[in-house]
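A.B. asks: Mind looking over this structure? Questions follow.
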Amino acid sequence: MHSIRFNSLIFTLLIALASACTTTKKTVSQAPPKPTVKVTSLQPEKASLPESRKTESFYTLSEMPLNQEKREFRGVWVATVANIDWPKSGNDTWEKQKTDFIALLDYYEQLNFNAVIVQVRAAGDAFYPSNFAPWSRYLTGQEGSKPKTQEDPLSWMILQTHLRGMEFHAWFNPYRATFDLKTDKLSPNHDFFNHPDWMIKYGTKYYYNPGIPEVKEKLVNVIKEVVLNYDIDAVHFDDYFYPYKVEKQVFQDEHTFRKYRQNGQQLEDWRRQNVNNLVQAVHQTIKSNKPWVQFGISPFGVWRNSDKDATGSKTRAGVTNYDDLYADPLTWMKNKWIDYLIPQIYWSMEFNLASHRELVAWWAKNNYNTKIYVGNSPYKIRDNADLAWNDPKEIDKQVAYAKTIKGIHGNAFFSAQSFYNKNMDVANLLKSQHYQTKTLSPAFEPKTYTASLKTTQVELVKNGNTMQIFFPNSIDPMYKFAVIYAGDNLDQIRSKAQNTNLQKTYLNDRTRNSIPLEANSYNAKFIAITFLDRYGRETRAKVFEIK
C-alpha cells in the first residue's frame with residue numbers, strides 16, 4: 001500500500017463508510033465467462049408476476065384428455081461425413097458453423113419437422129470431446145484438433161434443437177473406421193493406429209472387425225459416453241453394418257471367424273450374430289442408464305427378396321440386409337432391442353426391382369410392434385436414372401401413401417441439403433399438403449415401471465398486451481417439454497385438429513417458471529397446456545376458457 005498521512009486516512013475511511021450505506025460491492029475470483037450464444041426469441045425471459053394476478057380472473061380452468069393418436073415422426077438426417085450437410089467446411093470458424101446450423105434448424109422448424117438425426121460419429125471420430133475417439137476433421141479441419149471454442153459443440157447443438165421444440169437423435173456409424181485410404185489424415189489417437197489388429201481394409205475404406213469382442217466393447221463405450229453426458233433423445237445407427245459388397249474382393253475376417261465361431265456355425269450366421277450382439281449390448285447400455293433414450297436404426301430398405309425367403313418382400317433387389325450386410329432387423333424388432341426402425345426405402349413408387357409401394361406395406365406388416373418410419377430420398381429428385389424422380393410430386397406421393405398404411409408412424413428424409421439448398425419447391429409442397437401445422441412425434445412407453453404423470457398447477461397471466469402461463473410450484477423434472485394449444489372450440493383442441501395452433505416449449509431454467517404465449521394465441525377462446533415427459537408421454541390438458 002502507498003503511505004498515507006493519518007488525517008487523510010481518517011477522511012478516506014469516512015467517505016468509504018458513507019458509500020457503504022448505499023452500495024455494497026464484492027470482488028470475487030471468477031472463472032472466465034463462457035462465450036455467450038445468441039438465441040432467438042425461442043428462449044423467453046423468466047416471467048415476472050404483474051399486479052394483474054391480484055385482479056379478478058379473466059378465465060375459467062378445467063381439465064380434459066387430448067387425442068394421443070395424432071402423432072407423426074418428421075425427421076431429417078444431417079450428414080456430417082465429408083461435410084455433406086453440415087458443417088459446410090471443417091475450416092470454417094465455430095461462429096460460422098453455429099450460424100449455418102441454426103439456419104438449417106430454423107428452415108426445418110418452419111417446415112414443421114419435429115426431429116433431426118445428426119451424425120456425431122462419422123468414421124472412428126467424434127463431434128464432441130471423447131475419451132474414445134479423436135475430434136472429427138469434418139468439424140475442426142484436422143482430425144484430433146480441438147475446435148477453437150470453449151463451448152461443447154454437441155451440447156450446443158442439442159440445446160438449439162430442443163429450444164425449437166425438436167428431438168435430437170445422435171447418429172453413429174459404428175463400424176466404419178475411415179472414409180477413405182488416406183491414413184495420413186488420421187489422428188495418432190485414431191483406432192487405426194491404437195488397434196491395427198481391429199482394422200480390415202475393404203474397398204476404399206477401413207472397417208472395424210465386428211467379430212472381435214473388444215471391438216464390440218469399444219463401440220458400446222462410445223455410445224455409453226454420449227448417453228451419460230448429453231441430453232439426447234435417441235441413439236441412431238444407419239445402414240452400414242458389414243460393408244456393402246465390392247466386386248472381386250473378400251472381407252478378410254476368416255481368422256477371426258475360426259477363432260470365435262461356435263461349433264458348426266456358418267460364416268454368414270456368425271456375422272449376423274456379431275451384429276445382433278452389438279445391437280443387443282447397445283440397447284442394454286442405453287436402457288440401463290437412461291431408459292427414456294430411444295434406440296433407432298435405419299437399415300437398407302430390403303430385408304430379403306421373396307425368392308430367397310417366402311416371408312421376404314416381392315422385390316428383386318441386388319443387395320439385401322440379411323444376405324449381404326448381415327443385418328437382421330426382424331430379429332432386433334422381435335427381441336425389442338430397438339424402439340423404432342427407419343428402413344431406407346429409396347426407390348420410386350413403382351420401381352420394378354424394389355417398389356416403394358411394396359416395401360412400405362411389407363415393413364408395416366412385419367413391424368413386431370416396433371414403430372416404423374419410412375426413409376425417403378429427396379436427394380434423388382431430378383438426379384436419378386429412374387425417370388420417376390423427375391416428377392417433383394414423387395415425394396408427395398410417397399408421404400401420402402405412408403399415411404394410408406396402418407403401422408407407419410412417420411417419415412425421415414435423406415438428407416438435409418436435399419430440401420435446403422435444392423428442391424425447395426418439393427419441400428414447400430410437402431408442407432402445404434402434409435405438414436401444414438406442427439405435430440408431436442410418437443411417444444414410447446417405458447419398458448419397466450415408472451411413476452404416473454404428475455399434475456402441475458398452472459395460471460394464465462396477463463402482462464400488458466401479452467399473456468403467459470405461470471407455474472406457482474416446481475415442475476416435475478421428468479417433464480421435458482410443455483405444449484400449448486390454442487383454438488376457438490374445445491373439440492378442435494381435444495382432437496388436435498389441423499387448424500389448432502401448437503406451441504412446444506423446451507423446459508429449462510428460464511421456462512420452468514413461466515412461458516409467454518405466442519402472439520397468434522392471444523385471441524383464442526380456449527388455451528390448453530400439457531406436459532411431455534422424457535418418454536414423450538403427454539399429460540391431460542389444463543384448459544383455460546377466456547371469458
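A.B. asks: Within segment 43-61, does at least one residue satisfy the condition of being aliphatic (A, V, I, L, M) and modelled with pLDDT of 95 or more? Working first, answer last.
C.D. replies: First pass over segment 43-61, keeping only residues aliphatic (A, V, I, L, M): 47, 49, 61.
Adding the requirement that they be modelled with pLDDT of 95 or more leaves 61.
Yes.
A.B. asks: Pick from segment 158-193 the residues that are among the basic types (Lys, Arg) and more than 30 Å from Gly75 (Cα to Cα): which of them is surrounded by the most Cβ atoms within 10 Å (Cβ to Cβ)? Show your work before the answer.
C.D. replies: Just the residues of segment 158-193 that are among the basic types (Lys, Arg), to begin with: 164, 176, 182, 185.
This time we only want the ones that are more than 30 Å from Gly75 (Cα to Cα), so: 182, 185.
Details: Lys182: 9, Lys185: 14.
Taking the candidates together, the pick is Lys185.
A.B. asks: Would you check which residues across segment 73-91 are surrounded by fewer than 19 Cβ atoms within 10 Å (Cβ to Cβ) and either touching a Lys or Arg at 6+ places or on another chain (Cβ under 9 Å) or closer than 30 Å to Thr539 by Cβ (or both) and list them?
C.D. replies: Selection gives Val81, Lys88, Ser89.
A.B. asks: Further question: Being in a helix (DSSP H, G or I) and free of Cβ contacts under 8 Å to residues at least 24 places away in the same chain is the filter; apply it to segment 397-447 and report the residue that is least open to solvent (accessible area, probe 1.4 Å). Even if it seems obvious, please write down each step before you answer.
C.D. replies: Just the residues of segment 397-447 that are in a helix (DSSP H, G or I), to begin with: 397-403, 416-420, 424-433.
Restricting the remaining residues to those that are free of Cβ contacts under 8 Å to residues at least 24 places away in the same chain gives 424, 428, 432.
Values: Met424: 90, Asn428: 87, Ser432: 62 Å².
For segment 397-447, the residue satisfying everything is Ser432.
A.B. asks: Same structure again: Among what's in segment 148-157 and is within 13 Å of the chain's Cα centre (by Cα) and buried (at least 21 other Cβ atoms within 10 Å of the Cβ), pick the residue that is nearest to Lys504 (Cα to Cα).
C.D. replies: For segment 148-157, the residue satisfying everything is Met157.
A.B. asks: To continue, here is another question. Does Leu460 fit the bill of being closer than 30 Å to Ser377 by Cα and open to solvent by less than 90 Å² (accessible area, probe 1.4 Å)?
C.D. replies: Numbers: closer than 30 Å to Ser377 by Cα: no; open to solvent by less than 90 Å² (accessible area, probe 1.4 Å): yes.
Here the answer is no, as Leu460 does not meet what is asked.
A.B. asks: Sticking with this one: I'd like to know if segment 501-511 contains one or more residues that are touching a His at 6+ places or on another chain (Cβ under 6 Å) and touching a residue at least 40 places away in the same chain (Cβ under 8 Å). Walk me through it before giving the result.
C.D. replies: If we filter segment 501-511 for residues that are touching a His at 6+ places or on another chain (Cβ under 6 Å), which is where we start, we get 506.
Still in the running and touching a residue at least 40 places away in the same chain (Cβ under 8 Å): 506.
Yes - at least one qualifying residue is present in segment 501-511.
A.B. asks: List pairs: first in segment 337-357 and touching a residue at least 12 places away in the same chain (Cβ under 8 Å), second assigned to a loop (DSSP other than H, G, I, E, B) and among the basic types (Lys, Arg), Cβ under 7 Å, 6+ apart or cross-chain?
C.D. replies: As it stands, the answer is Leu353/Arg316, since those pairs meet every condition given.
A.B. asks: So the check is Cβ under 9 Å with 6+ separation or different chains; which pairs have a first residue in segment 275-295 that's over 17 Å from Ile158 (Cβ atoms) and a second one that's open to solvent by less than 30 Å² (accessible area, probe 1.4 Å) and modelled with pLDDT under 95?
C.D. replies: Partner pairs satisfying both residue conditions: Pro291/Pro446.
A.B. asks: Go through segment 201-222 and report how many residues are open to solvent by less than 30 Å² (accessible area, probe 1.4 Å), polar (S, T, N, Q) and within 20 Å of Ile286 (Cβ to Cβ). Walk me through it before giving the result.
C.D. replies: If we filter segment 201-222 for residues that are open to solvent by less than 30 Å² (accessible area, probe 1.4 Å), which is where we start, we get 202-203, 207-212, 215, 218-220, 222.
Those left that are additionally polar (S, T, N, Q): 209.
Next, from what is left, pick out any that are within 20 Å of Ile286 (Cβ to Cβ): none.
Total satisfying the criteria: 0.
A.B. asks: Just a yes or no: is a residue in segment 92-111 in contact with a Lys or Arg (Cβ under 9 Å, 6 or more places away or on another chain), among the aromatic types (Phe, Trp, Tyr), open to solvent by less than 10 Å² (accessible area, probe 1.4 Å) and not in a strand (DSSP E or B)?
C.D. replies: Yes, the conditions are met somewhere in segment 92-111.
A.B. asks: OK, next. Given the structure, is Phe351 in contact with a helix residue (DSSP H, G or I) (Cβ under 9 Å, 6 or more places away or on another chain), open to solvent by 10 Å² or more (accessible area, probe 1.4 Å) and not acidic (Asp, Glu)?
C.D. replies: Working: in contact with a helix residue (DSSP H, G or I) (Cβ under 9 Å, 6 or more places away or on another chain): yes; open to solvent by 10 Å² or more (accessible area, probe 1.4 Å): yes; not acidic (Asp, Glu): yes.
Here the answer is yes, as Phe351 does meet what is asked.
A.B. asks: For the structure I just gave you, tell me whether Asn520 is modelled with pLDDT under 95 and farther than 29 Å from Val399 by Cα. Before the answer, list the steps.
C.D. replies: Numbers: modelled with pLDDT under 95: yes; farther than 29 Å from Val399 by Cα: no.
Here the answer is no, as Asn520 does not meet what is asked.
A.B. asks: OK, next. Being open to solvent by 20 Å² or more (accessible area, probe 1.4 Å) and either free of Cβ contacts under 8 Å to residues at least 24 places away in the same chain or closer than 18 Å to Thr455 by Cβ (or both) is the filter here, so list the residues in segment 520-534 that pass it. Steps first, answer last, please.
C.D. replies: Initially, segment 520-534 is screened for residues open to solvent by 20 Å² or more (accessible area, probe 1.4 Å), giving 520, 522-523, 525-526, 534.
Matches in segment 520-534: Asn523, Arg534.
A.B. asks: Quick one: which of Gln457, Gln468 is part of a loop (DSSP other than H, G, I, E, B), of a type in the set (S, T, N, Q) and at negative phi?
C.D. replies: Working: Gln468 fails: part of a loop (DSSP other than H, G, I, E, B).
Result: Gln457 is the single residue among Gln457, Gln468 that is part of a loop (DSSP other than H, G, I, E, B), of a type in the set (S, T, N, Q) and at negative phi.
A.B. asks: Determine the pairs where a residue that is open to solvent by 30 Å² or more (accessible area, probe 1.4 Å) and in a loop (DSSP other than H, G, I, E, B), located within segment 316-336, has a partner that is of a type outside the set (S, T, N, Q) and at pLDDT below 95 with Cβ atoms under 9 Å apart, the partner being 6 or more residues away or on another chain.
C.D. replies: What qualifies is Lys336/Lys447.
Per-residue answers, yes or no, for (1) assigned to a loop (DSSP other than H, G, I, E, B); (2) in contact with a Cys (Cβ under 9 Å, 6 or more places away or on another chain); (3) within 26 Å of Phe413 (Cα to Cα); (4) charged (D, E, K, R):
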position: Gly264; (1), (2), (3), (4): yes, no, no, no
position: Arg272; (1), (2), (3), (4): no, no, no, yes
position: Asn277; (1), (2), (3), (4): no, no, no, no
position: Gln284; (1), (2), (3), (4): no, no, no, no
position: Ser288; (1), (2), (3), (4): no, no, no, no
position: Pro291; (1), (2), (3), (4): yes, no, no, no
position: Gly296; (1), (2), (3), (4): no, no, yes, no
position: Trp303; (1), (2), (3), (4): yes, no, yes, no
position: Asp307; (1), (2), (3), (4): yes, no, no, yes
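A.B. asks: Continuing with this model, one more query. For the structure I just gave you, tell me whether Pro134 is crowded, with 19+ Cβ neighbours inside 10 Å and in contact with a Gly (Cβ under 6 Å, 6 or more places away or on another chain). Give the derivation first.
C.D. replies: Values: crowded, with 19+ Cβ neighbours inside 10 Å: yes; in contact with a Gly (Cβ under 6 Å, 6 or more places away or on another chain): yes.
Yes; evaluated as a whole, the condition is true for this residue.
A.B. asks: Name the single residue, out of those in segment 278-301 being touching a helix residue (DSSP H, G or I) at 6+ places or on another chain (Cβ under 6 Å) and open to solvent by 10 Å² or more (accessible area, probe 1.4 Å), that is farthest from Asn229 (Cα to Cα). First the steps, then the outcome.
C.D. replies: Taking segment 278-301 and keeping what is touching a helix residue (DSSP H, G or I) at 6+ places or on another chain (Cβ under 6 Å), we get 278-279, 281-282, 285-286, 289-290, 293, 295, 299-301.
Okay, now just the ones that are also open to solvent by 10 Å² or more (accessible area, probe 1.4 Å), so 281, 285, 289-290, 300.
On the way: Ala281: 19, Thr285: 14, Asn289: 11, Lys290: 11, Phe300: 30 Å.
Checking each candidate, the answer is Phe300.
A.B. asks: Quick test of your reading of the structure: Leu228 fulfils all but one of (1) closer than 30 Å to Met478 by Cα; (2) outside any loop (DSSP other than H, G, I, E, B); (3) open to solvent by less than 20 Å² (accessible area, probe 1.4 Å). Name the failing condition by number.
C.D. replies: Just one mismatch for Leu228, condition (3).
A.B. asks: Among (1) open to solvent by 30 Å² or more (accessible area, probe 1.4 Å); (2) within 27 Å of Gln273 (Cα to Cα); (3) touching a strand residue (DSSP E or B) at 6+ places or on another chain (Cβ under 7 Å), which single condition is Val360 missing?
C.D. replies: Among (1) open to solvent by 30 Å² or more (accessible area, probe 1.4 Å); (2) within 27 Å of Gln273 (Cα to Cα); (3) touching a strand residue (DSSP E or B) at 6+ places or on another chain (Cβ under 7 Å), Val360 violates only (1).
The values are calculated or read from the model by the stated rules, or taken from the named source; none is laboratory data. Quick caveat, the model's predicted, so the values are computed rather than measured. Cβ atoms come from the backbone with ideal geometry, glycine included; neighbour counts cover every protein chain shown. For accessibility, only protein heavy atoms count, side chains too; no ligands or nucleic acids. Shrake-Rupley method; radii C 1.70, N 1.55, O 1.52, S 1.80 Å.
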